[in-house]
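Down below is the structure, laid out as structure tokens.
The values are calculated or read from the model by the stated rules, or taken from the named source; none is laboratory data. As the structure is a computational prediction, the values presented were derived from the model and not from experiment. No Cβ is skipped: glycine too gets one built from the backbone with ideal geometry, and neighbour counts run over all protein chains shown.
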Amino acid sequence: MLRARWAILLTAVAFTAIALALVFTSDHESTPAFTAAANLIVAWSFIACGVVALARVSDAHFGLLMSAVGLTWFLSALTESNNSYVFSVGNLLWGIPLAFFIHALLTFPRGYLETKIVFAVVAAAYGLLSLAPLLFSLFGEAGCSDCPQNEFVLVDSNLATTIVGVLFIGVGLFVCGATIWVLIRRWRVASAPLRRILTPVFVTSATAIGAFLLAAFVSAVSETASSVLWWLVLFAVASVPTAFLVGLLRTRLARASVASLVLELGVARDPESTRDALRKALGDPSLNLAYWLSDRSRWVGVSGWEVDLEAASQGRRTTLVEHDGEVVAAFIHDPSVDRELAGAVSAAASLALAREQSIQVVRQSESRYRALLNAIPDLMFRMSRDGTYLDFKGDRDDLAVPPEELIGSNARDILPVDVAEGLLEGIAHALDTGEVATGEYELTLNNVRRTFEARIVRDGDEAVLIVRDISERKRQEDELRGSRVRLLRAGDEARRRLERNLHDGAQQRLVSLSLALRLAHARLRDAPEEAERLLAGASEELAQALEELRELARGIHPAVLSERGLSAALEALAGRAPVPVGVTVPPDRFPPAVEAAAYYVISEALANVAKYAEASAVEIRVTRQNGRAVVEVADDGVGGADPTRGSGLSGLVDRVEALDGVLKVESAPGAGTRIRAEIPCE
Amino acid sequence: MNTLTRVLIVDDHPSFRATARALLQAEGFEVIGEAENGVSALKQARELHPDVVLLDVQLPDFDGFEVATRLTSQNGAQPAVVLTSSRDGSDFGPLVAQSGARGFIAKGELSGAALKAVLG
């Protein structure tokens, strides 16, 4: 790029010499010195701007176009030639620099034409500013009386010239209007830092274009007024590269502020301060900072939350910050921020950001472990070997004393003697052996007896106690144990009842039957009538024995339940009940254990109805709801049943709970009894 | 021992008492009374002075072995106590011998001959 810059400068020097020669030898230039000075100022403004821009990679394309404006500006000097052909060529080329100017303006600051519309505007500018001078030359002489002859004129027609002039102004209005529209639109969507760069260039450009349009209009009315305006256009155009250079200078000044950034980062105490210093240095209040956590392969922002760098970089630019060859951070900023400035800031901030990154790593780690600790519902204590509480984490309701009294106190002063001694033994064991010591103890807190399980681990010279409230688990275990015992007792009781029933019932009848048959046999010959009476009695005894055996068998397990299902079994049960019983049961089968539990719930409920309820009707309803068998037995009796008294209902509760079900009894005095059991079918 | 042996039947099941009475009477025993519980058995034994008390092991008030002990340890004439049950005698182990009873007859095997065999 250096060669290009030198080539441009040397070309410009050569063009300057030629232009000066043409101007000062011109026989139709009344103010050669002024004209030469004005045009040289304009041309060299653009060339200087272009050469400076070419030195920056991001502005190279813009620099080329600005240089093109400056170099082609010298073409206007051809119109100063006394040679009619050179003069005529000069008349054909005066629009070229203006076309380059519009092109350069519309590529700023990106360096390329962003949309098809912008491309069309630039194409229109080239077309207009190439064709218009040609048409003017074809249909008219030069504008001054002393000027050489226009060698390209075909027809010297005022009408044609006027038509071309009107067309030129019309299309020129469109091109200039479109250019200004593009500039305004670009300025409106620009970020604050970009606006700072755009504003001086766009304001001077808009002024130049406006002056150009005004001059074009006025030239149709007043030659003198228009010549003044054309000079104004000239200086307005010349101010554009100056505005660009001012923006560039501001960037350079900003780069100089990197030194002060280093000082600010040196005293920054937190990531927010660091970010603010970077924002100030880059002049971008929207800048965001992210730290790279290599151990977790993720980016986090200044607040410690994870950042999706790819998503955050959409429509923005990311500058990575490296320290000792490792990426430590990145700042996401406006794309208009000067790349070199961003690079300088990145280098200056690397040490501070590496330090911040290390802090973030520690914070993340701490935050992770804190989250883990907070997720554990257990109480935690840090204690010294002598039993002094050093720290704790947990709910104050789980403490034997208020937290403010706990720290610094000794376990012996707070806990019952046996608990404190056990705890100290555990601490000593953990500290001496490095093994985890465990134990259980009970405390009365807020008048509630609670059971705790402690695990004691060594942490240097101190012990960490992790204490879990296992009262609920203990209660459930006790309940389960009680339930098992009750089930066993109920089984024993059922067997005893069965044996008694067999002994008192069927067995006695069979004994009597045996004796009667023996007696009848003995009397058959001597007293046949008595033998016949004995046999009749025996037959009756046998029938009753059979019925009692059937009843007993039903009590053990009703065969109809396993063979025909709950519906048939409940119909049979209802048929034997002393009061009318309505039965609603789904026809499909439930698992055998569920059917048996449901059957015994209903059987026991009906037995209670017969014994105590004084009911006139009973309604049985079995349904399947959400994978559960729901059994309801409701009577219209006297109510007042208590499931905690007597073994019947409590036995049913155990039986249902053994299947993970629940059984509830509603039996307000005078309002009947409703038993509802829900038994999972899985 | 002859056909005039007087027997008191103690059992809480009326059907057994009736059948046993008929069976024993048919085989030459004299059934002088029936009791359905322990208290009644002791009372009738004192009043009727039976030769034999056919005593059910399971009574609603007293244990049959307890009643047997009392009957065999009372002053004066003591009846021969024969325990009976619908269960097998082996179910009771040494209890029969310890109670002072003369022997045991399963209810299903009760007969005059069996009673005579126990009484010797």
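Points worth noting:
- Test result for B:Gln78, away from chain A (no Cβ under 14 Å), surrounded by fewer than 17 Cβ atoms within 10 Å (Cβ to Cβ) and free of Cβ contacts under 8 Å to residues at least 60 places away in the same chain: yes
- Test: residue in the stretch A:475-495 that is buried (at least 17 other Cβ atoms within 10 Å of the Cβ) and at pLDDT 85 or above: no
- The criterion of being in contact with a His (Cβ under 8 Å, 6 or more places away or on another chain), closer than 30 Å to A:Gly651 by Cα and part of a helix (DSSP H, G or I) does not hold for A:Asp492.
Quick grid of which residues meet (1) outside any helix (DSSP H, G or I); (2) at pLDDT below 85; (3) surrounded by 19 or more Cβ atoms within 10 Å (Cβ to Cβ):
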| site | (1), (2), (3) |
| --- | --- |
| A:Arg525 | yes, no, no |
| A:Ala543 | no, no, no |
| A:Glu551 | no, yes, no |
| A:Glu571 | no, no, no |
| A:Gly582 | yes, no, no |
| A:Pro587 | yes, no, no |
| A:Ala593 | no, no, no |
| A:Ala596 | no, no, yes |
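- Scanning the stretch A:14-36 for residues that are part of a loop (DSSP other than H, G, I, E, B) and among the polar types (S, T, N, Q) returns A:Ser26, A:Ser30, A:Thr31.
- Residue list for the stretch A:528-537, filter: surrounded by 13 or more Cβ atoms within 10 Å (Cβ to Cβ) and more than 9 Å from chain B (Cβ to nearest Cβ): A:Ala531, A:Glu532, A:Arg533, A:Leu535
- Condition met for A:Ala658 (under 21 Å from A:Ile556 (Cα atoms), at pLDDT below 90 and in contact with a Pro (Cβ under 6 Å, 6 or more places away or on another chain)): no
- From the list A:Val631, A:Val601, A:Val609, the one residue that fits, being touching a helix residue (DSSP H, G or I) at 6+ places or on another chain (Cβ under 6 Å), outside any strand (DSSP E or B) and β-branched (Val, Ile, Thr), is A:Val601.
- The condition of being touching a strand residue (DSSP E or B) at 6+ places or on another chain (Cβ under 9 Å), at pLDDT below 90 and β-branched (Val, Ile, Thr) holds for only one of B:Thr3, B:Thr19, that being B:Thr3.
- Contact map, the stretch A:291-315: residues that are in a helix (DSSP H, G or I) paired with residues that are modelled with pLDDT of 85 or more, Cβ distance under 7 Å, separation 6+ or inter-chain. Pairs shown: A:Leu309/A:Ala290; A:Leu309/A:Trp299; A:Leu309/A:Thr318; A:Leu309/A:Ala330; A:Ala312/A:Asn288; A:Ala312/A:Ile332.
- Of all residues in the stretch A:1-19, those that are within 18 Å of A:Asp59 (Cα to Cα) have Cβ atoms under 7 Å from Cβ atoms of residues that are part of a helix (DSSP H, G or I) and modelled with pLDDT under 90, 6 or more apart or on another chain, in A:Met1/A:Leu54; A:Met1/A:Ala60; A:Ala4/A:Leu54; A:Arg5/A:Val51; A:Arg5/A:Leu54; A:Ile8/A:Gly50; A:Ile8/A:Val51; A:Leu9/A:Val51.
- Filtering the stretch A:649-675 to residues that are more than 46 Å from the chain's Cα centre (by Cα) and charged (D, E, K, R) leaves A:Asp654, A:Arg655, A:Glu666, A:Arg674.
- Flag: A:Ala225 does not match the condition of being buried (at least 17 other Cβ atoms within 10 Å of the Cβ) and not polar (S, T, N, Q).
- Looking at B:Arg70, B:Arg46, B:Arg17, just one residue is in contact with a helix residue (DSSP H, G or I) (Cβ under 7 Å, 6 or more places away or on another chain) and either within 14 Å of chain A (Cβ to nearest Cβ) or in a helix (DSSP H, G or I) (or both), and that residue is B:Arg70.
- If you filter the stretch B:49-62 down to residues that are in a loop (DSSP other than H, G, I, E, B) and of a type in the set (D, E, K, R), you find that the one that is surrounded by the most Cβ atoms within 10 Å (Cβ to Cβ) is B:Asp51.
- Among the residues examined, A:Ala516 does not qualify as more than 9 Å from chain B (Cβ to nearest Cβ), small (Gly, Ala, Ser) and closer than 16 Å to B:Ser86 by Cα.
- B:Phe65 within 14 Å of chain A (Cβ to nearest Cβ) and in a helix (DSSP H, G or I): no
- Test result for A:Val638, under 20 Å from A:Gly555 (Cα atoms) and assigned to a loop (DSSP other than H, G, I, E, B): no
- Residue count for the stretch A:500-513, restricted to those that are of a type outside the set (A, V, I, L, M, F, W, C), free of Cβ contacts under 8 Å to residues at least 12 places away in the same chain and either more than 10 Å from chain B (Cβ to nearest Cβ) or in contact with a Ser or Thr (Cβ under 7 Å, 6 or more places away or on another chain) (or both): 3.
- The stretch B:84-108 - residue that is under 14 Å from B:Asp63 (Cα atoms) and either within 14 Å of chain A (Cβ to nearest Cβ) or in a helix (DSSP H, G or I) (or both) and, of those, modelled with the highest pLDDT: B:Thr84
- The stretch A:49-115 holds helices (runs of 4 or more DSSP H) entirely within its bounds, and those carrying 2 or more residues that are over 19 Å from A:Phe212 (Cα atoms) and free of Cβ contacts under 8 Å to residues at least 40 places away in the same chain map to A:60-73, A:84-93.
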